[in-house]
Amino acid sequence: MDGFRLPIDIESLLQGRSVEWERLEFKKGWNPEAFLYTMCAFANDFHNLGGGYILIGIEERNGRPVLPPVGLDPETIDTIQKEILGLGYNAMLPAYHPLTFPAMVDGKNILVIWVPGGETRPYKVKVSLSAKSTDWAWYIRKQSSTVIAKNVDEQELISLTAKVPFDDRYNQSASMSDLSLRLIEDFLKEVGSDLADQAAGIPLEKLGRMMNIVGGPAESIFPKNVGLMFFNPHPEQFFPATQIDVVWFPDEPGGDIFEEKSFKGPLDRMTRDALSHIERNYLKETVIKHPDRAEAERLWNYPYAAIEEAVVNAVYHRSYEDREPIEVRITPDELIVVSYPGPDRSVNMKDLVAGKAVSRRYRNRRIGEFFKELDLTEGRSTGIPKILRAIKQNGSPQPEFETDEDRTYFLVRIPVHPNSVRQTEVNDNRAGQVTGQVTGQVEDWVVNVLEACHEPLKSSEIQKIVGIKHRETFQRNYLDRLLNDGLLARTIPEAPQSPMQRYITTEQGKKLLQDHN
């Protein structure tokens, strides 16, 4: 691995952004025994969080790194890497080997060890590296500490034998050619990985191993399921029903009219496309002016932040062995998100409804890992509290969470805001006079862009205003829409792809701003 870099940004690790602090351990210097215990704990991945990272050459204080780092002598890094290889063979059962990456932080050399959750757990290691010691023990992580698994924890760890989460398993019906290098490069660029600039020149097998999306011996390499879910254009061919169905019932379920649209593709794009479709077509804002105060009241029929959490959680936590799609059912009275199966039995439903549930084990540890890097989820059981918070901020009725005794499904029901306007006409409302055309939740960003584009701007500058990271999503769902609606115009219309291209607000766009104000 010499010369390669981590598939995620080293700065993100040091700031605890893409990876939770409990999955990080900082060590000022090299201590083989302490390292061995932590490596064993991360490899056992007791809570299916995806293993962890050990950074050597950085002092730790209260679980956080002390910067600038102490650093390592460059000549010792190679020695440490060789010792790690020997520990994996001689002091750990079954044998296990993490990935090591020399790095530079603030001018100091450090060593980053990536320890993914192992596929042949449980692992145990020598309690002491002295020649006389014969004791072995299983180690696990408890919060930010590495401890020996005892009693109930030991029994539960042993019960996980060969139970590798589905998204982290090899897919023997696929081959390396089923992974798209273009999709991998797009992902690495979006998450800001230094590896993005090198990806095109690295053999796909090495790149896949660095990202832990392929595995197996050199003579028999297979993609992992998570690799196919994110880096194959059509993951539904490997995992049937990997899709999100959005169904609109204008006359309630049972009526003669309904609209249905299915979204497929890599998990991140499928999720974003479905959310963009819901946002554009079904979310409406109501503006209520009150006679007794200057400030108008703004509310949404369904708050976007709550829907985003519900849909992302469904994609994250569903089973990809069940051939059931995620369904979003929208009526004038409620929005429902249904996925299969339900929450793990360790989750208490009363705690879940109150936003206090903590899952002991995650169904898809790798999907969560990728979603966190893409800022689509925080993980750590934060989804329900975020839904409740968004509902409260919008003043909507309380949502409902439902499953059955066997946990075969999970349903999130979000009621419509009782004061929202459901048609585009101007209506009277008992809370005050409702004014203005009901618009989709894109209204704020449209106003911001049109005001900014009184002076010609580049597309990248507009993308920052909108706040959308993924360029294709921005182009398709935001910039193209403004152009098609005649609100923006190109300054060089005869050469759309010109590097000198800028965008300016049209007269129609200025009129929309005037009417809005």
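Summary table
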{"quantity": "Those residues of the stretch 100-125 which are of a type in the set (Phe, Trp, Tyr) and in contact with a Cys (Cβ under 8 Å, 6 or more places away or on another chain), in sequence order", "calculated": "123"}
{"quantity": "Residue 251 vs. criteria more than 25 Å from residue 175 (Cα to Cα) and out of contact with any helix residue (DSSP H, G or I) (no Cβ under 8 Å at 6 or more places or on another chain)", "calculated": "yes"}
{"quantity": "Odd one out for residue 132, checked against (1) in a loop (DSSP other than H, G, I, E, B); (2) crowded, with 20+ Cβ neighbours inside 10 Å; (3) not polar (S, T, N, Q)", "calculated": "(2)"}
{"quantity": "Pairs with Cβ under 6 Å, 6+ apart, first in the stretch 476-500 and over 18 Å from residue 452 (Cα atoms), second buried (at least 17 other Cβ atoms within 10 Å of the Cβ)", "calculated": "477/276"}
{"quantity": "The lone exception for residue 421 - which of (1) at pLDDT below 80; (2) surrounded by fewer than 19 Cβ atoms within 10 Å (Cβ to Cβ) it fails", "calculated": "(2)"}
{"quantity": "Entirely in the stretch 433-503, the helices (runs of 4 or more DSSP H) that have 1 or more residues that are at pLDDT 90 or above and surrounded by fewer than 18 Cβ atoms within 10 Å (Cβ to Cβ)", "calculated": "443-452, 459-466, 480-484"}
{"quantity": "Residues satisfying the stated conditions in the stretch 409-420, i.e. more than 24 Å from the chain's Cα centre (by Cα) and either small (Gly, Ala, Ser) or in a loop (DSSP other than H, G, I, E, B) (or both)", "calculated": "416, 417, 418, 419, 420"}
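Okay, residues lined up against (1) surrounded by fewer than 17 Cβ atoms within 10 Å (Cβ to Cβ); (2) without any contact (Cβ under 8 Å) to a residue 40 or more places away in the chain; (3) under 21 Å from residue 13 (Cα atoms); (4) not acidic (Asp, Glu):
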position	(1), (2), (3), (4)
40	no, no, yes, yes
52	no, no, yes, yes
70	yes, no, yes, yes
73	yes, yes, no, no
77	no, yes, yes, yes
82	yes, yes, no, yes
86	yes, yes, no, yes
90	yes, yes, no, yes
96	no, no, no, yes
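Listed here are the residues, each with its yes/no results for (1) at pLDDT 70 or above; (2) more than 26 Å from residue 185 (Cα to Cα).
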{"site": "319", "(1), (2)": "yes, yes"}
{"site": "325", "(1), (2)": "yes, yes"}
{"site": "331", "(1), (2)": "yes, yes"}
{"site": "339", "(1), (2)": "yes, yes"}
{"site": "350", "(1), (2)": "yes, yes"}
{"site": "357", "(1), (2)": "no, yes"}
{"site": "364", "(1), (2)": "yes, no"}
{"site": "380", "(1), (2)": "no, yes"}
{"site": "385", "(1), (2)": "yes, yes"}
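The values are calculated or read from the model by the stated rules, or taken from the named source; none is laboratory data. From a predicted model like this one, the values you see are computed outputs, not experimental measurements. Glycine also receives a Cβ, built like all others from the backbone with ideal geometry; neighbour counts cover every protein chain displayed.
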